[in-house]
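Notes to accompany the following structure.
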Amino acid sequence: MKWKYLVAAGMIVGIGICGGRQVSAADLEYVPGEVVVVYDETVSQNQIQSLAEDQDSVVTRTIQVTEDTQAAVVEVPEGSDVESAAAVYEEAEDVLYAQPNYILELYEDELVPEDGYSGAWWLSNIKAYEAWGLLNKYAHEPVTAAVLDTGADIAHEDLKNVVNISLSGEVLKDDANQYSIGPLYGDGYAEGSNPGTFVTHGTHVTGILGAQADNQTGIAGVGSGGDNSALNLMVVDVFSGAKTDFVHVIEGMNYAAECGAKVINMSLGTNMKNESQYRLLKQACDSLYNQGITIVCAAGNEGIKDTGTITTVPCDFESTIGVINSTQSNQKAGGSNYGSLKTLSAPGTGIYSCYNGNTYGMLSGTSMAAPMVTGVVAMMYSLNDSLSPNQVKSILTSTAADTYGIGFDEYSGAGVLDASAALAAVEELKNHVTLPFEDVVEDAWYYNDVAAAYQRGFMTGMDSEHFGPGITLSRAQFVTILYRLEGEPEENYQDIFADVPQGWFFTDPVMWARNNGIISGYDNGLFGTSDPITREQMILILYHYAGYKGYDVSSQAELITYEDGSKVSTFAQEAMEWGVSMQIIRGKNDGTVIDPQGNTVRSECASIMERFLELYID
């Protein structure tokens, strides 16, 4: 089948380096005449070429998206409608999906007057000096960190000795639409040449992350460690002027991964809610996450709140870390995007850093906040390069400093970055107990929570070798967990529930929970000992337990942000509003559903309990 040669209508997208502006689907811009066609890894290059030839098109580049998928960048005939071409490709048998190559724009950050500079307050706010002291107490190795941006001034006095020129490069696209990696010449170059326009975004971001310390000039980057021992810094120019596109960015990501980068900074993003539009970029980010690479992204500068669904990409992906811009007083900057899918905050207002042309200046935006986090992540990997991205994210969120209240909130995420606490947690993790369970691998998302539950002694496994992370938990088992936490007090047996006889493992736990108003049982006189415990039942019981302990349970959050929020049972409504507000229970499917009647498996229980204990006990 061939498409009709329609005149391209041009959509407009906008991933900006400090975020993106809010756009509708009809406003998304893409590269004219280009379609990205995604195939299974098993499809041969001959098959890919043959399909393109059938459509009078040319394959200009094939890129790896994930371990199992590849994408062909296809140049369609002049005058063809790109969206129609993508739709035709999607009908082909071997094609997983096809889409335009969406544009990512570089939006100018807010310029700050020079006389506003009052010292590197951000280093004090995030406790960078203390973190440097900790880092240099322990053995550590330089870790490769990549900045994907507009390039950097490689002749700058604060960058020339720390940017690894041999690794750095520029993603190029020649007149024949062929992609390659060329040398990095500076900041703002377009296809290897200097267009003569002033661009300093990449230089500024790179300086925040890794500017040389101890050279008696300029600034010191957050990730410098105070002595330049933690970073092997590479810069990849993925922009041609003020814009880039999905393919350029993915090329840069793949190149950074090939060079051994453990953390990638992407101070760019756009607002895009339709999965059919962002899936290519999401797959690429997920793939690097699965390879053990942490991606740190700016949250965007439009003051937009996500409603629990992906709004700003790539920062809202579960596989990335989204950073909110905070002020000197640790409050959310007015223009910063925010919401439940953002990870944490970092200083990004009035940040003094390197400028193109061997000068310095101040900028504001989430673009400035992201490299603060990237610098800390680099130091974390410098101490322990075996950390998984999930462990990195968990440490950052568990150690972040609360600013709007206890725990997670939509204005700061998990709180403001605390570099010292994060590095201390990494060092402590080195000494963590190795779990005996063969069914709990160290890179599992729930590993740290299962380890904590095991060490606290309230979840010790199904047997000596199996934890059963995917096994559904029963109501009796969950009450027993709380009973263990309480120290297993003695209880007199009462014949209250027909399914709770004397002498069983759950007898005393159920009696204790019932006597203290933590559970009440069913209307039919049963407790439901062997019934699977649903997510809303678990939160309800935990809510009552928190009340029994005298903890503050007044915090509430709306459930309507979830697609199934209206399905929460009336008896569990108040408890679920508390659990969601405190981030004790979180959404599934990229935060779109809360699944109140879904059964809780043991790994989920470990995570829920660890969040609860971190909030109220630790």
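The values are calculated or read from the model by the stated rules, or taken from the named source; none is laboratory data. Keep in mind the model is a prediction, meaning the values are calculated, not measured. Heads up, the Cβs are rebuilt from the backbone with ideal geometry, glycines too, and the neighbour counts pull from every protein chain shown. The protein model used for the area step is the full one, side chains on, heavy atoms only, and it has no ligands, DNA or RNA in it. Shrake-Rupley method; radii C 1.70, N 1.55, O 1.52, S 1.80 Å.
Data for the structure
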read-out	value
Scan of segment 331-354 for residues that are more than 20 Å from the chain's Cα centre (by Cα) and more than 18 Å from I126 (Cα to Cα), ordered by number	G334, G335, C354
Segment 240-267 residues that are within 20 Å of A369 (Cβ to Cβ), paired with ones that are open to solvent by 10 Å² or more (accessible area, probe 1.4 Å) and part of a helix (DSSP H, G or I) (beta carbon under 6 Å, 6 or more apart)	none
Any hit, segment 383-403, residues being within 30 Å of P509 (Cβ to Cβ), open to solvent by less than 20 Å² (accessible area, probe 1.4 Å) and touching a His at 6+ places or on another chain (Cβ under 7 Å)	no
Some residue of segment 227-242 being of a type in the set (A, V, I, L, M, F, W, C), outside any loop (DSSP other than H, G, I, E, B) and under 18 Å from Q70 (Cα atoms)	no
Identity of the residue in segment 142-163, of a type outside the set (A, V, I, L, M) and crowded, with 18+ Cβ neighbours inside 10 Å, that ends up nearest to S382 (Cα to Cα)	T144
Some residue of segment 516-526 being small (G, A, S) and farther than 20 Å from Q597 by Cα	yes
In segment 598-618, residue surrounded by the most Cβ atoms within 10 Å (Cβ to Cβ) [restricted to those that are among the β-branched types (V, I, T) and part of a loop (DSSP other than H, G, I, E, B)]	T600
Filter result (free of Cβ contacts under 8 Å to residues at least 12 places away in the same chain and polar (S, T, N, Q)) within segment 33-69	T42, S44, N46, Q49, S50
Unique match (being at pLDDT 95 or above, in contact with a strand residue (DSSP E or B) (Cβ under 7 Å, 6 or more places away or on another chain) and of a type in the set (V, I, T)) among I165, I154	I154
Selection within segment 182-198 - open to solvent by 70 Å² or more (accessible area, probe 1.4 Å) and either among the basic types (K, R) or closer than 17 Å to D245 by Cβ (or both)	E191
Subset of segment 249-267 that is open to solvent by less than 10 Å² (accessible area, probe 1.4 Å) and part of a helix (DSSP H, G or I) - its residue that is nearest to N161 (Cα to Cα)	A256
Output for segment 40-71, where each listed residue is aliphatic (A, V, I, L, M) and either in a helix (DSSP H, G or I) or farther than 15 Å from A176 by Cα (or both)	V43, I48, L51, A52, I63, V65, A71
Scope segment 132-190; condition in a loop (DSSP other than H, G, I, E, B), under 27 Å from R61 (Cβ atoms) and without any contact (Cβ under 8 Å) to a residue 24 or more places away in the chain; matching residues	I165, S166, D174, D175, P183
Meets criteria (touching a Gly at 6+ places or on another chain (Cβ under 6 Å), outside any loop (DSSP other than H, G, I, E, B) and touching a residue at least 24 places away in the same chain (Cβ under 8 Å)) for C297	yes
Candidates T270, T294, T244, T307, filtered to the one that is open to solvent by 10 Å² or more (accessible area, probe 1.4 Å) and within 23 Å of S336 (Cα to Cα)	T307
Answer from L341, L435 - the residue that is within 23 Å of D316 (Cβ to Cβ), among the aliphatic types (A, V, I, L, M) and part of a loop (DSSP other than H, G, I, E, B)	L341
Residues of segment 421-432 classified as open to solvent by 70 Å² or more (accessible area, probe 1.4 Å) and outside any loop (DSSP other than H, G, I, E, B), total	1
Total residues in segment 72-106, condition open to solvent by 10 Å² or more (accessible area, probe 1.4 Å), in a helix (DSSP H, G or I) and among the hydroxyl-bearing types (S, T, Y)	1
Selection count where residues are touching a residue at least 40 places away in the same chain (Cβ under 8 Å), part of a strand (DSSP E or B) and open to solvent by 10 Å² or more (accessible area, probe 1.4 Å), scope segment 344-363	3
Identity of the residue in segment 447-460, in contact (Cβ under 8 Å) with a residue 40 or more places away in the chain and under 27 Å from G547 (Cα atoms), that ends up surrounded by the fewest Cβ atoms within 10 Å (Cβ to Cβ)	R456
L209 being crowded, with 24+ Cβ neighbours inside 10 Å and part of a strand (DSSP E or B)	no
Selected residue (only one of N325, N390 is within 18 Å of the chain's Cα centre (by Cα), part of a strand (DSSP E or B) and touching a residue at least 24 places away in the same chain (Cβ under 8 Å))	N325
In segment 461-492, the residues that are modelled with pLDDT under 95 and open to solvent by 70 Å² or more (accessible area, probe 1.4 Å)	M462, D463, S464, E465, R484, E488, E490, N492
